[in-house]
1. Of all DSSP beta bridges in the chain, what percent run antiparallel (nearest 5)?
2. For the pairs 23/53; 148/219; 38/92; 191/212, note any where the Cα-Cα span goes beyond 21 Å.
3. Positive end of the dipole of the chain, charges at C-beta (+1 Lys, Arg; -1 Asp, Glu), about the Cα centre: which of 147, 43, 125 has its Cα farthest in that direction?
4. If you take every residue apart from residue 12 with its C-beta less than 15 Å away from the C-beta of residue 12, what net charge results, scoring Lys and Arg +1 and Asp and Glu -1?
5. I'd like the chymotrypsin sites (Phe, Trp or Tyr not before Pro) in the range 41-98 restricted to DSSP loop residues with at most 15 other Cβ atoms within 10 Å, sorted by number.
6. Can you spot the aspartates and glutamates whose alpha carbon is less than 18 Å from residue 69's alpha carbon? Ignore those fewer than 8 places along the same chain.
7. Considering only the range 1-91, what is the antiparallel percent among its DSSP beta bridges, to the nearest 5?
8. All other residues with a Cβ under 14 Å from the Cβ of residue 218 taken together, and with Lys, Arg as +1 and Asp, Glu as -1, what is their net charge?
Amino acid sequence: MAVSSTHIEWTESTWNPVTGCSKISEGCRNCYAYTMAKRLNAMGNQRYANGFKVTLHHDLVDLPLTWKKPRRIFVNSMSDLFHKDVPFDFIKSIFKTMEMASWHTFQILTKRSDRLREIAPELVWPPNVWQGVSVENSNVMYRINDLKKVPAKVRFLSCEPLIGPLENINLDGIHWVIVGGESGSGARPMKEEWVTSIRDQCINQNVAFFFKQWGGVQKHRTGRILEGRTWNDFPYEEDEMPVLC
């Protein structure tokens, strides 16, 4: 799982120059990456010989430069680039690759918004790098304010797994919101009113909204239809008007 195509609806490929992480909030409780890493370790995959311990894969840093067809790339789907155990110089090398691979769009997600905020001024932020934070409930809404201080051209929220309501979100400076329910064994339920509230806040504040899934133990059965339709909006350039259709 160094790189692969993916079934994640809002991206096209994954790139994992870092694997492994540690749990820091309620959104991590049923972490899919933790479960997958254990499985890959048991299968003898050498990328996961350390299990879910943070591991740097220096040989994968330049990999996107070899992909000539433009694609949306989720960076570190099996880790968190801003984990404290990822050295700053390694993060810089990832950003250098993303800057050089200007024909791709790179999507980064973190729960470590404090470290993101602290080191963002020391990084180069090319326009093809989208930065997001995970916001699973109201206890971690501070991550949104941290994100707003980051000079990324596109800033986005991943409200997945959504395990509580998010009301009165100030989306000024946010370009995109993804919402999804938790899936797999032990999945916690997501209420429809939580989803529609976030959607309506996006519409009212002119922010692109993407509904990923209802989730559940068998997410393929619950699907991703919200009030009779799918919501697949992506962020537009800043000088264009997002169209919710």
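1. The answer is about 20 percent antiparallel.
2. In this structure, 148/219; 38/92 exceed 21 Å between Cα atoms.
3. Toward the positive end, the furthest listed residue is 43.
4. Here the charged neighbours net out to +4.
5. Loop-located and lightly packed - 67.
6. Result set, ordered by chain and number: 12, 99.
7. Within the range 1-91, antiparallel bridges account for around 55 percent of the total.
8. It works out to a net charge of +2.
The values are calculated or read from the model by the stated rules, or taken from the named source; none is laboratory data. Only a predicted model underlies this, so the values are computations on that prediction, with no experimental measurement involved. Virtual Cβ from ideal backbone geometry, glycine too; neighbours counted across all protein chains shown. Protein only, heavy atoms only, side chains kept; ligands, DNA and RNA dropped before computing areas. Shrake-Rupley method; radii C 1.70, N 1.55, O 1.52, S 1.80 Å.
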